[in-house]
Structure formats: C-alpha cells, structure tokens
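Here's the structure we're looking at; comments come further down.
The values are calculated or read from the model by the stated rules, or taken from the named source; none is laboratory data. All of these numbers come straight from a predicted model, not from anything done at the bench. A quick note on method: Cβ atoms are made from the backbone with ideal geometry, for glycine too, and the neighbour counts reach across all protein chains shown.
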Amino acid sequence: MAKRRHRHHAALLALRAFGLAYPGAHTKSPWPGHLDLAVADKTFAYLSVEGEPLQLSCKLPASAGLALTLPFTQPAAYGLGKSGWVSAQFKEADDPPVELLKQWLNESYRAQAPKKLVKQLAAPPPPARPAASKKKAPRQK
C-alpha cells in the first residue's frame, strides 16, 4: 500500500528544491530512509522523509540563539546543537513557516559550503555592456 501524502509534503518538496538550487548542492542519503541536502559531501540540512511531519535540522552559526526561542525548535541531537545546529519539528496540524526555513537553509548552506561556491552567491552580475553605437563621434581637434 502506498504511503499517503502528509500535509507537509508541499513544504518538504519546496525546501528540498530550494536547497538543491544552490551551487554544488546535492542530495545525500547517509542512512536508509534519509534524503538530506549536502554540498561538497557535507550535509547542510537534515530533512524528514516524505509521508511524515516536517522536521529540519540546519547549522545556524549566526541565528541559532534566536531560532531556539521558537516553540518548534531545539538544539540538534547527537551533540550537533553545541556547534550551532538547530532542529525544527512540526506537528501534523502545524503550518511550517517555509520562508523562514528557506532563510535557515541559506545560512546553513553558507556555513557548510566551500568558500568558492559561496562566492558564486555573492558575485554581482556582470556589468551590462552599452549597445554599440553605429554613429561615430566627431573627432576633436
């Protein structure tokens, strides 16, 4: 029998797609039943599996203190909380704050990614080249 979709399914897929859009990001399955987000083989987000209430753990070196004031968070297990990892767990009836969680994914990616990939995020777009003028400017004497 197929698993029914959990009401957090859309949020999980949105967060996974958001995380995979970063340079070098990929999924990592360190244990059966896991599909986490990683960059350069370093995990930057632990995500719940499809069909279960949404859970997310991220490394938040700048905002962990503030994040831990929220009722759905706690320091990540296995001692990761000591390094700034925060876990968010949502109950079935909760509406996860997807935009906030995307900010956390961003912070966690930047904390875990190699500097050369992070620089790609901060790189400004190349300057627009002015259109070549067909008229020649008059020469000054």
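Take Ser29 and tell me if it is hydroxyl-bearing (Ser, Thr, Tyr) and buried (at least 19 other Cβ atoms within 10 Å of the Cβ).
no
Can you tell me how many residues within the stretch 90-102 are loosely packed, with under 15 Cβ neighbours inside 10 Å and outside any loop (DSSP other than H, G, I, E, B)?
Adding up the residues that qualify gives 3.
In the list Ala67, Ala77, which residue meets the criterion of being among the aliphatic types (A, V, I, L, M) and either crowded, with 17+ Cβ neighbours inside 10 Å or modelled with pLDDT of 95 or more (or both)?
Ala67
For the stretch 113-128, check the following and say yes or no: at least one residue is closer than 19 Å to Ala25 by Cβ, touching a Ser or Thr at 6+ places or on another chain (Cβ under 6 Å) and modelled with pLDDT of 95 or more.
No, there is no match, as no residue in the stretch 113-128 is closer than 19 Å to Ala25 by Cβ, touching a Ser or Thr at 6+ places or on another chain (Cβ under 6 Å) and modelled with pLDDT of 95 or more.
Look through the stretch 42-80, keep the residues that are of a type in the set (Gly, Ala, Ser) and in a loop (DSSP other than H, G, I, E, B), and return whichever of them is farthest from Leu20 (Cα to Cα).
Gly79
Which is in contact (Cβ under 8 Å) with a residue 40 or more places away in the chain, crowded, with 19+ Cβ neighbours inside 10 Å and in contact with a strand residue (DSSP E or B) (Cβ under 7 Å, 6 or more places away or on another chain), of Leu37, Leu47?
Leu37
Of all residues in the stretch 103-122, how many are assigned to a helix (DSSP H, G or I), surrounded by 14 or more Cβ atoms within 10 Å (Cβ to Cβ) and among the hydrophobic types (A, V, I, L, M, F, W, C)?
5
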